[in-house]
Amino acid sequence: MTGKPGTLTEIIRPANMTDFIHALQTFPLLRYALLAGIFSSVAFGVVGSFVVTRRIGYIAAAIAHSILGGIGASIYFSRTYDLNWLTPMVGALVSALAAALIIGLISLRNKEREDTIIGAIWAIGMATGLLFMHYAPGPGVNLESFIFGNILLTSLSDVYATAVLSIAVVGITIMFYPKLLAVCFDEEFSRLRGIKSGIYFLLLLCLLAVSIVLLVRLTGIILAIALIVLPAATASKMAQRLWKIMVIAVVISLFCTVSGLIVSYVGETPTGPVIVLIAAVGYSLIQVWQRCFSRS
């Protein structure tokens, strides 16, 4: 192995599972990656179940791509004005929440223009992010880590932020679960029962925005939507009640994240694509199993 002990060069050159277990005990970066993956998987399973049930995957995709604008802006302004607190995660969170609220408000008030605003936010977010990164002073920005993700670059502060955001997502879901459930299945009926469905739809989109921000480090912008949707879609084939779908989706997300990290570590491959492919294989297998079972 090359490189100084404890550097990323040594971490990403294992030979087998034994090396992974040893590295997990030795290298903090790998432990941080595993912890961040575990914490964020809980949010993915919970919010992804809402996304699949409400069928708003297209909105999730738009939010995911729009956050590049916030990431680019945070890098530009933090370097230009020496704002150390303005990290890419802060910028991503602000832009994701802004995109979610804009899409949600227009969707509620002017449904025929929903597809237009989704496409506009998608494109504007990507374009402004690239421009901010281009003009940011200092060294060039590693755009690939944001587009495709690199969980091995997770820091201890990222782990804390991931844990806080994941706990917030789960806590809010538990607190407002009956109302969110009503909005997902029958928005018109919930409105007749006096539930302010519009507010809870916006809340749902904000939870989705936070979850997508957690995904950026893990799988990157391009693959974020896959890990939000695939575990929940798989779980929806195995259960009918929403809370059961959530539990199963969390378990599947945990399995995909942990096993993907192990496989990519041992095989020296990018982590994000491996995680998504494992989730895709699981979804494909449950589809094949259901078709064979229904015919028998």
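The values are calculated or read from the model by the stated rules, or taken from the named source; none is laboratory data. It should be emphasised that the depicted structure is a prediction, and the values quoted were computed from it without experimental measurement. Here the Cβ is made from the backbone with ideal geometry for all residues, glycine too, and neighbour counts use every protein chain on show. Surface accessibility is based on the protein's heavy atoms, side chains included, excluding ligands, DNA and RNA. Shrake-Rupley method; radii C 1.70, N 1.55, O 1.52, S 1.80 Å.
Report yes if Gly149 is under 21 Å from the mean Cα position of the chain (by Cα), in contact (Cβ under 8 Å) with a residue 24 or more places away in the chain and part of a helix (DSSP H, G or I), otherwise no. Walk me through how you get there before you give the answer.
Numbers: under 21 Å from the mean Cα position of the chain (by Cα): yes; in contact (Cβ under 8 Å) with a residue 24 or more places away in the chain: yes; part of a helix (DSSP H, G or I): no.
Here the answer is no, as Gly149 does not meet what is asked.
Among all residue pairs at least 6 apart or on different chains, which show Cβ distances below 9 Å where the first residue, located in region 93-107, is over 19 Å from Ala224 (Cβ atoms) and the second is open to solvent by 50 Å² or more (accessible area, probe 1.4 Å)? Note: pairs meeting the criteria are Ile106/Arg113; Ile106/Thr116; Ser107/Arg113. On the given criteria, is Ser166 surrounded by 17 or more Cβ atoms within 10 Å (Cβ to Cβ) and either modelled with pLDDT of 80 or more or closer than 29 Å to Arg109 by Cα (or both)? Criteria met by Ser166.
When you scan region 261-275, do you find a residue that is in contact (Cβ under 8 Å) with a residue 40 or more places away in the chain, in contact with a helix residue (DSSP H, G or I) (Cβ under 9 Å, 6 or more places away or on another chain), farther than 25 Å from Asn150 by Cβ and crowded, with 16+ Cβ neighbours inside 10 Å, even just one? No, the conditions are met nowhere in region 261-275. Against the definition (at pLDDT 85 or above, polar (S, T, N, Q), open to solvent by less than 70 Å² (accessible area, probe 1.4 Å) and closer than 19 Å to Leu207 by Cβ), how does Thr128 come out, yes or no? So Thr128 does not fit the description; no.
The set of residues in region 43-87 that are outside any loop (DSSP other than H, G, I, E, B) and either without any contact (Cβ under 8 Å) to a residue 40 or more places away in the chain or open to solvent by 50 Å² or more (accessible area, probe 1.4 Å) (or both) comprises Arg54, Tyr58, Ser74, Tyr76, Phe77, Ser78, Arg79, Thr80, Tyr81.
Confirm whether Val141 is buried (at least 19 other Cβ atoms within 10 Å of the Cβ), of a type in the set (Val, Ile, Thr) and part of a loop (DSSP other than H, G, I, E, B).
Values: buried (at least 19 other Cβ atoms within 10 Å of the Cβ): yes; of a type in the set (Val, Ile, Thr): yes; part of a loop (DSSP other than H, G, I, E, B): yes.
Against the criterion (buried (at least 19 other Cβ atoms within 10 Å of the Cβ), of a type in the set (Val, Ile, Thr) and part of a loop (DSSP other than H, G, I, E, B)), Val141 qualifies.
The condition of being out of contact with any Leu (no Cβ under 6 Å at 6 or more places or on another chain), at pLDDT below 90 and in a helix (DSSP H, G or I) holds for only one of Val216, Val229, that being Val216.
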